[in-house]
1. In Å and from the alpha-carbon atoms only, list the Rg and Dmax of the chain.
2. Anything over 31 Å Cα to Cα? Flag those among Lys225/Lys258; Lys237/Lys417; Lys237/Lys421; Lys237/Lys294, in the order listed.
3. Using the Kirkwood formula on the Cα atoms of region 1-133, what hydrodynamic radius do you get, in angstrom to one decimal?
4. What does the charge add up to near Ser102, with Lys and Arg as +1, Asp and Glu as -1, over the other residues with Cβ less than 10 Å from its Cβ?
5. In nm, to one decimal, how far is the Leu375 label point from the Ser300 one, both placed 7 Å along Cα→Cβ?
6. What is region 11-172's relative contact order, in percent, from Cα pairs under 8 angstrom and six or more apart in sequence?
7. How far, in degrees from 0 to 90, does helix 247-273 lean away from the longest principal axis of the Cα atoms of the chain, to the nearest 10?
8. Normalised by the number of residues in region 257-401, what is the relative contact order in percent for Cα pairs under 8 Å and 6+ residues apart?
Amino acid sequence: MTEPRPPAPDPVSALLHLEARARAASDRAQLEFVIANETWQLAQYRQAVVWRSDALGRPAIAIVSGLAALEGDTPFTLWIERVAAELWSSKVARRVEAHDLSADLEEGWAEWLPPRALYVPLLSPGGESLGAALYVRDAAWDDVTIDFFGRLHEAYGYSAWALSRRDSWTGKLAGWMRAPSAWLIAALLALGCLFVPVRMSALAPAEVIALDAQVVAAPMDGVVKAFHVAPNQAVAKDDLLFTLDDTTLAAKREVAAKALETARADALLAAQKAFDNDRSRAELAVLQGRVKEKEAELASLAQLLERIEVRAPRDGIVVFGDPNDWIGKPVVTGERIAQIADPKDAGVLVWLPAADAINLEPGAEIRLFLHVAPLAPLNAHLAQTSYQAIPSPEGVVGYRLRGRFTVTEPDARIGLKGTAKLYGDRVPLVYLALRRPLATLREWSGW
């Protein structure tokens, strides 16, 4: 330990010298050494104890004057830590004597310390307790000395606060950023990050569909009369799905039946006259041909009447909209009315807007986030994509993509909607960041 300087005759000079020493301290340990061992230049004392605030804001012994090393868990350190705990809440310098402490601590005062002490806290500019110092001696502490110690420890507290900020990670970062080479290194790191490979991705509305659904179309021109199944109902092969109105066909069949009876009667009468009338014999062949014509017409109408009942071509789930949207609506031959889907053959239909299109290879990864289960994405892979962009049902021009689920998904019910995230190739980050702005600039500028 260095030999302390003798007391200065002028306390102001000592105060200025000690403040300069506090500002020159390079770390908390050096500052605490100055507090414990060099404050003696301002006023004499027999011993000094300095505490610092630990991570939990409790006092911990940092240094004791005159001791090169402080042994932990000794009777003195345990007793002095209890003294600090009682005085820790004080925010101003105060005189302390044995009777100011609790009874159990008062008994040990005469054993460890001189009779009179001065407790001075170390505070940050915001009033936070950073530590404290206790100076003990035989003589009483006068008010002038206490004022000088209070002024000096304000400087000590500010230095402790500045060193604590410098030693924290934010202070170290701020100090590093002030270095001339820091900005160059940061610029090089930022430039390097621009070339980090990332996966391109796009979000698009999606729907669970049947990949190999069989279309149920109108077998002829007519008007839908009734539906016999509900949407998304399971049906078996040859179950009745819907029927067309038969009013017109039934009337035509009645007229054709009457016409057939008339043609047969005319042919029979001509056959009876043909025995003795050459003219009737010549008309007989024409009348018999008319009978066959009427029979064919009646048979055709009978076949059409059989086709007004549309049945399921296979087992599955019948998929269509609201039945009320179809009942009474005229349909033409081949118009799609419903689909028969296999629930085990579910897939995903994605409408990727043309503005968000990315390069996708067959088998590209697709993650489907259903609206009913947004936290449980379903995995699929790209199976088919349209050659060119077409209007979607929402009127947005985009590409029609179809994906197949990687594994059988029991929760993927046909008709559920959600959002699909499609993953493309890996590209540099700078390309991903500038792709949309450059495309917009090119559309605006024309180059």
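No value in this document is a laboratory result; all are computed from the given coordinates. The structure displayed is predicted, hence computed values, not measured ones. A quick note on method: Cβ atoms are made from the backbone with ideal geometry, for glycine too, and the neighbour counts reach across all protein chains shown.
1. 49.5, 170
2. Numbers: Lys225/Lys258 27 Å; Lys237/Lys417 28 Å; Lys237/Lys421 37 Å; Lys237/Lys294 35 Å.
The answer is Lys237/Lys421; Lys237/Lys294.
3. Numbers: mean 1/r = 0.0636 Å⁻¹.
After inverting the pairwise mean of 1/r, the radius is 15.7 Å.
4. Net of charged neighbours comes to -4.
5. 6.5 nm
6. Values: 244 pairs, mean separation 40.8, N = 162.
Reported as a whole number, the value is 25 percent.
7. 20 degrees
8. Values: 141 pairs, mean separation 22.5, N = 145.
So the answer I get is 16 percent.
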